[in-house]
Amino acid sequence: MTPKTTSLIELPADLDCTRLPQHVAAIMDGNGRWAKKRGFPRIVGHQRGADALRNLLRCCKDWGISALTVYAFSTENWGRSIEEVDFLMTLFENLFQIELAEMVSEQVKLEVVGNLENIPPSLYDAIDRARTATQHNQGVRFTVAINYGGRQEIVRACQTIATQVQQGLIRPADIDENILSQHLHTADLPDPDLLIRTSGEMRISNFLLWQLAYAEFYVTDTLWPDFDRRAFHQALLNYQQRHRRFGKI
Ligand code: IPE
Ligand code: IPE
Ligand code: MG
């Protein structure tokens, strides 16, 4: 998704442009609580959450962050009411349609990851059209996780690799981290440098279990619909204070 305004948002002066995360991942949590606090139905929180996402994508583009991956619907979220699930599926479909022209013109390259076999066919078609239309874009890599579960993704990768072993294409001893990574939905993306989770929850909720091995975690009490440019600025400032050691001293 891309925002409606076209004026460039400048990188805040206190951020070091040479030390920005290249890939930011976000668990967009707290839409329901945001709505409840205001006496609205939960779906209003999801609508406002979409606005927050649009603004975040704009910031990434303007500030030179090359990849953004967001958790929109987990394999566990099917456990919610039919009304909420239906609303979310329709919201995603509408957003992919409405925002497509702007994603094309803004050079956003859209990818959707997750098990897309049992999402509504009309949503699948909207995703397919948006992916195809943006596949050659050279700007921000924008990945949306829908019906995504990290464990399921790893199991699926193992099944594919096991089939290749069975067919004699590779030997068990050839299987390494690189081969496993290449069979994940995110095969052609670098691992996230920064994971943001809103609404104060300190858990990973089955998101990018493999890919987040060395990401910096940033948890904020801000609820997702309130996660605006200032909140993202704070997250980046915090990230730039971290010392990433990767196991070294
Ligand atoms: C995140 O907000 C959006 C989705 C999981 C689809 P929630 O809907 O989980 O909001 P809370 O956690 O109930 O406040
Ligand atoms: C994680 O949020 C999934 C998404 C943001 C899409 P949840 O609200 O589903 O996670 P839990 O239930 O608090 O772990
Ligand atoms: Mg939640």
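All of the numbers you see were taken from the coordinates with simple rules; none came from a lab. Values in this document were obtained by computation on a predicted structure and should not be read as measured data. Note that each Cβ is placed from the backbone with ideal geometry, even for glycine, and that neighbours are counted across all protein chains shown.
Per-structure values
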| quantity | calculated |
| --- | --- |
| Residues that are closer than 15 Å to Arg19 by Cβ and touching a helix residue (DSSP H, G or I) at 6+ places or on another chain (Cβ under 9 Å), drawn from the stretch 220-245 | His233, Leu236, Tyr239, Gln240 |
| Any helices (runs of 4 or more DSSP H) falling wholly within the stretch 130-249 and containing at least 2 residues that are small (Gly, Ala, Ser) and on the phi < 0 side of the Ramachandran plot | 150-166, 229-240 |
| Selected residue (only one of Val104, Val108 is β-branched (Val, Ile, Thr) and touching a residue at least 40 places away in the same chain (Cβ under 8 Å)) | Val108 |
| Close pairs (6 angstrom Cβ cut-off, 6 or more residues apart or separate chains): more than 13 Å from ligand 3 (Cβ to nearest atom) in the stretch 216-231, assigned to a helix (DSSP H, G or I) anywhere | Glu216/Tyr239; Tyr218/Ala235; Tyr218/Asn238; Thr222/Ala231; Phe227/Ala52; Arg229/Cys59 |
| Per-region count, the stretch 189-207, residues away from ligand 2 (no atom under 15 Å from the Cβ) and without any contact (Cβ under 8 Å) to a residue 24 or more places away in the chain | 0 |
| Test: residue in the stretch 150-157 that is surrounded by fewer than 17 Cβ atoms within 10 Å (Cβ to Cβ) and under 16 Å from the mean Cα position of the chain (by Cα) | no |
| Count of the stretch 68-84 residues which are assigned to a strand (DSSP E or B) and not hydroxyl-bearing (Ser, Thr, Tyr) | 4 |
| Scan of the stretch 33-49 for residues that are more than 12 Å from ligand 3 (Cβ to nearest atom) and not in a loop (DSSP other than H, G, I, E, B), ordered by number | Lys37, Ile43, Val44, Gln47, Arg48 |
| Matching option when the condition is under 19 Å from Gly139 (Cα atoms), out of contact with any Gly (no Cβ under 7 Å at 6 or more places or on another chain) and acidic (Asp, Glu), among Glu93, Glu111, Glu84, Glu106 | Glu111 |
